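Asker: Got a structure for you, questions after.
The values are calculated or read from the model by the stated rules, or taken from the named source; none is laboratory data. As the structure is a computational prediction, the values presented were derived from the model and not from experiment. No Cβ is skipped: glycine too gets one built from the backbone with ideal geometry, and neighbour counts run over all protein chains shown. Remember, those area values only see protein heavy atoms, side chains included, never the ligands or the DNA or RNA. Shrake-Rupley method; radii C 1.70, N 1.55, O 1.52, S 1.80 Å.
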Amino acid sequence: MSTNFLPGPVRVRVAATSANLGPGFDAVGLALGLYDDVCAEVTAGGVTVRVLGEGAGELPSDERHLVVGAMRATFAECGGQPAGLAVECVNRIPQARGLGSSSAAIVAGVLLARALLPDGQQRLDDAAVLRLAARLEGHPDNVAPCLLGGFTVAWTESEGARAVSLPVAVGVRPTVFVPTERGLTAAARAALPATVPHQDAAHNAGRAALLVHALSVAPELLLPATVDRLHQDYRAESMPATAALVAELRAADVPAVVSGAGPTVLALRDPPADLVTGPDWQVWSLPVEVHGARVGRGRLGHAERDPVAAGRKS
């Protein structure tokens, strides 16, 4: 099957995400109004990656970049590779903080590659995009809200990942507490035991079910709905400041959880006005991103090239 590519650049805006939300381990996620903008076009040869904002000077500028890897995997899925690629990333999602930066890069790469194919939508429909992105990431809990927007529930069948996006109640008001320190998902997963008590598994099943109801229609139930016994306590020793902040917020009746694998903390309603976090934390009030990833043609505009965090309110 021969592969042709569209001339000119395509662009995509992808959102930060918070996975797990307490008891929904590896299954639920929430898209947040903090964005990376990425642009790509096919060239005559070679690969160049320009990064502005988060990760500038640190991330690879060649084939090793995660966006390029996701694009290459998508082109391979569709039957061919372009001679070269030029990619520009304006990153605002903090890296290695539990806000889905790698999932955003993967979703961006898959969607950009599809958009560069004249028949990309026919070769790779939206369900296939989710399956491929989840396969590249290893689990669907972050790629699903990044792709679909809103609050998502994801699961995996024999054919691959699937997900649904659900409406979010008006009373859900996310705030993220982003520390200067970084964390690694692999290290956070290594802290988890191979098995958990049946009682804890049953507890989380009930709270995860309640979480769907609380996020969708009854935010007054978010405090009990975000109690977890599967992962947060096991990871607390490796990020004590995160665990302490979650405990402090919850003691003030704020439904707070570890965002993804951490170390960011997510609160689902406004924190107390007198809360003092210190200089090691940035505090951002973010809207829920309801639209999902958005693809367009053309280069990034002036506003999109601004590395200041779009949508962020301090």
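Asker: Is the range 301-312 home to any residue that is open to solvent by 30 Å² or more (accessible area, probe 1.4 Å) and in a helix (DSSP H, G or I)?
Answerer: For the range 301-312, residues open to solvent by 30 Å² or more (accessible area, probe 1.4 Å) and in a helix (DSSP H, G or I): absent.
Asker: Separate question: Among the residues of the range 56-72, how many are within 19 Å of Glu304 (Cα to Cα) and open to solvent by 10 Å² or more (accessible area, probe 1.4 Å)?
Answerer: Here is the first cut: in the range 56-72, the ones within 19 Å of Glu304 (Cα to Cα) are 56, 67.
Subsequent filtering for residues that are open to solvent by 10 Å² or more (accessible area, probe 1.4 Å) retains 56.
Here the count works out to 1.
Asker: When the residues of the range 226-277 are filtered to those that are touching a helix residue (DSSP H, G or I) at 6+ places or on another chain (Cβ under 9 Å) and among the charged types (D, E, K, R), which remaining residue is surrounded by the fewest Cβ atoms within 10 Å (Cβ to Cβ)?
Answerer: Glu237
Asker: Can I ask one more? Scan the range 122-167 for residues that are among the hydrophobic types (A, V, I, L, M, F, W, C), in a helix (DSSP H, G or I) and open to solvent by 60 Å² or more (accessible area, probe 1.4 Å) and jot them down. Explain how you work it out, then say what you get.
Answerer: First pass over the range 122-167, keeping only residues among the hydrophobic types (A, V, I, L, M, F, W, C): 124, 127-130, 132-134, 136, 143-144, 146-148, 151, 153-155, 161, 163-164, 166.
Pick out the ones that are also in a helix (DSSP H, G or I) and you get 127-130, 132-134, 136, 143-144, 146-148.
Those that are among the hydrophobic types (A, V, I, L, M, F, W, C), in a helix (DSSP H, G or I) and open to solvent by 60 Å² or more (accessible area, probe 1.4 Å): Leu136, Leu148.
Asker: When the range 73-100 is examined, which residues are found to be touching a residue at least 24 places away in the same chain (Cβ under 8 Å), in a helix (DSSP H, G or I) and either out of contact with any helix residue (DSSP H, G or I) (no Cβ under 9 Å at 6 or more places or on another chain) or open to solvent by 30 Å² or more (accessible area, probe 1.4 Å) (or both)?
Answerer: Selection gives Glu77 alone.
Asker: Another question, if that's okay. For residues that are over 21 Å from Leu211 (Cα atoms) and among the aliphatic types (A, V, I, L, M), scanning just the range 278-300, find the one that is least open to solvent (accessible area, probe 1.4 Å).
Answerer: So the residue we want is Leu300.
Asker: Another question about this same structure. Filter the range 275-297 for residues that are within 15 Å of Phe177 (Cβ to Cβ) and either assigned to a loop (DSSP other than H, G, I, E, B) or of a type in the set (D, E, K, R) (or both) and give the result. Outline the logic, then answer.
Answerer: Step one: filter the range 275-297 for residues within 15 Å of Phe177 (Cβ to Cβ), giving 275-286.
Of everything in the range 275-297, those that are within 15 Å of Phe177 (Cβ to Cβ) and either assigned to a loop (DSSP other than H, G, I, E, B) or of a type in the set (D, E, K, R) (or both) turn out to be Leu275, Val276, Thr277, Gly278, Pro279, Asp280, Leu286.
Asker: Is the range 19-30 home to any residue that is in contact with a strand residue (DSSP E or B) (Cβ under 8 Å, 6 or more places away or on another chain), surrounded by 23 or more Cβ atoms within 10 Å (Cβ to Cβ) and under 16 Å from Ala115 (Cβ atoms)?
Answerer: Checked against the condition, which is being in contact with a strand residue (DSSP E or B) (Cβ under 8 Å, 6 or more places away or on another chain), surrounded by 23 or more Cβ atoms within 10 Å (Cβ to Cβ) and under 16 Å from Ala115 (Cβ atoms), the range 19-30 yields no hits at all.
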